Amino acid sequence: MHFLKDRGFVHPHASDITPQGVYEGRRDLLKLLATGAAGATLATWAGRDALAQTVRPNKLTALAGARSAVPGAITMEKLTPYADVTSYNNYYEFGTDKADPGRTAGSLKPRPWTVAIEGEVKKPKVYDLDELMKLATLEERLYRLRCVEGWSMVIPWVGYSLAELIKKVEPTGNAKYVEFVTLADKAQMPGLRSGVLDWPYVEGLRMDEAMNPLALLAFGLYGEVLPNQSGAPVRAVLPWKYGFKSGKSIVKIRFTDKQPQSSWMKANANEYGFYSNVNPTVDHPRWSQATERRIGEDGLFQKKRATLMFNGYEAQVGQLYTGMDLKKNF
Ligand code: MTE
């Protein structure tokens with residue numbers, strides 16, 4: 001989403017204006033809340049369904065998940081409309097403009113697909129996608145995701161805790177970190193012609209971060225398999241970290257004794273650290289991280305919302321960083 005600035009006024013693009021379907025969904029939700037027929041939780045979920053149905057334009061395979069009981073996995077916040085989730089993306093393998101992936105990721109072939117588990121594990125294995133999807137019970141999780149650029153979304157993901165997979169492959173005592181390697185195929189990904197990042201796109205986590213129940217291996221969103229632009233067929237979602245830590249279209253998960261070098265660290269180590277936890281008190285060298293704009297919602301004249309420590313997941317993940325200097329380990 002781009003803003004046109006003139007004399008202090010910010011004008012939204014056409015794409016910023018709430019689509020009719022979303023408006024209808026919100027009205028349903030308001031009606032439900034007004035009648036008091038349902039508890040707040042129920043009303044939000046019913047509103048969520050109305051919203052999803054009204055804005056979902058394409059027909060991807062349904063992928064239902066049981067509502068997650070993992071602490072922090074469900075939020076009462078309004079969901080970002082499907083149309084915005086799938087048309088405003090960062091997926092540099094398909095171009096650097098936010099609209100590029102939605103337009104060009106049709107060339108990605110999410111099946112057949114395998115994910116190789118390598119390195120410091122007792123049970124290395126190449127998983128076929130179907131086997132990987134059945135490895136644990138699929139859950140629906142409503143996560144806030146905040147991008148380092150200062151925007152955020154709330155998305156209903158479908159997947160299971162990465163910890164489920166990690167336990168199955170039995171890391172050795174040397175496994176201190178997990179590296180995610182994502183697809184780099186020139187035939188499918190036009191963005192690879194650009195040298196903007198060192199391909200393949202690589203991300204990493206410390207082992208205890210990867211084992212935190214909130215760390216999600218996601219296969220779907222809004223009750224369907226992942227659209228290509230969102231990282232089909234499998235991606236990570238780390239809601240307490242800036243969005244770039246959540247690698248899309250994963251082909252390899254490697255367990256290592258050394259801290260992995262992520263693509264963003266290679267591109268600019270001064271701006272993108274290994275941890276990249278959402279932190280309103282540690283600014284990016286070129287801009288503040290104190291506030292954010294919710295995509296599809298915070299439009300004209302809306303005050304930006306305050307960014308929360310660990311993106312609001314401090315109760316769940318704060319203990320991972322006890323005693324660490326988060327200004328140094330950004
Ligand atoms: N994964 C790959 N393979 N390539 C990318 O360019 N971009 C990252 C992350 N994962 C990226 C990626 C960034 S910068 C963000 S903010 C999130 O994906 C965006 O996810 P979304 O488009 O689903 O919101």
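Computed values, structure above
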read-out: Residue satisfying condition, being farther than 20 Å from residue 109 by Cα and either open to solvent by less than 10 Å² (accessible area, probe 1.4 Å) or near the ligand (Cβ under 9 Å from one of its atoms) (or both), within set 266, 258, 248, 241; value: 241
read-out: Residues of the stretch 128-154 satisfying the condition of being open to solvent by less than 20 Å² (accessible area, probe 1.4 Å) and farther than 14 Å from residue 217 by Cα; value: 146, 147, 148, 150, 152, 153, 154
read-out: The stretch 146-184, residues that are away from the ligand (no atom under 16 Å from the Cβ) and small (Gly, Ala, Ser); value: 161, 163, 173, 175
read-out: Tally, over the stretch 182-201, of residues that are within 16 Å of the chain's Cα centre (by Cα) and either small (Gly, Ala, Ser) or open to solvent by 10 Å² or more (accessible area, probe 1.4 Å) (or both); value: 1
read-out: Filter result for residue 296 (in a loop (DSSP other than H, G, I, E, B), surrounded by 24 or more Cβ atoms within 10 Å (Cβ to Cβ) and at pLDDT below 95); value: yes
read-out: Test: residue in the stretch 155-168 that is over 21 Å from the mean Cα position of the chain (by Cα), surrounded by fewer than 18 Cβ atoms within 10 Å (Cβ to Cβ) and modelled with pLDDT of 95 or more; value: yes
read-out: Hey, residue 173 in a loop (DSSP other than H, G, I, E, B), more than 20 Å from residue 143 (Cα to Cα), modelled with pLDDT under 95 and not basic (Lys, Arg) or not; value: no
read-out: Every residue from the stretch 202-226 that is within 11 Å of the ligand (Cβ to nearest atom) and surrounded by fewer than 24 Cβ atoms within 10 Å (Cβ to Cβ); value: 202
read-out: Filtered residue count, the stretch 78-105, keeping only those that are free of Cβ contacts under 8 Å to residues at least 60 places away in the same chain and part of a helix (DSSP H, G or I); value: 1
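The values are calculated or read from the model by the stated rules, or taken from the named source; none is laboratory data. Nothing here was measured: the structure is a model prediction, and the numbers come from that model. FYI the Cβ positions are ideal-geometry reconstructions off the backbone, even for glycines, and counts take in every protein chain you see. To get the accessible areas, we keep the full protein, side chains included, count just its heavy atoms, and leave off ligands, DNA and RNA. Shrake-Rupley method; radii C 1.70, N 1.55, O 1.52, S 1.80 Å.
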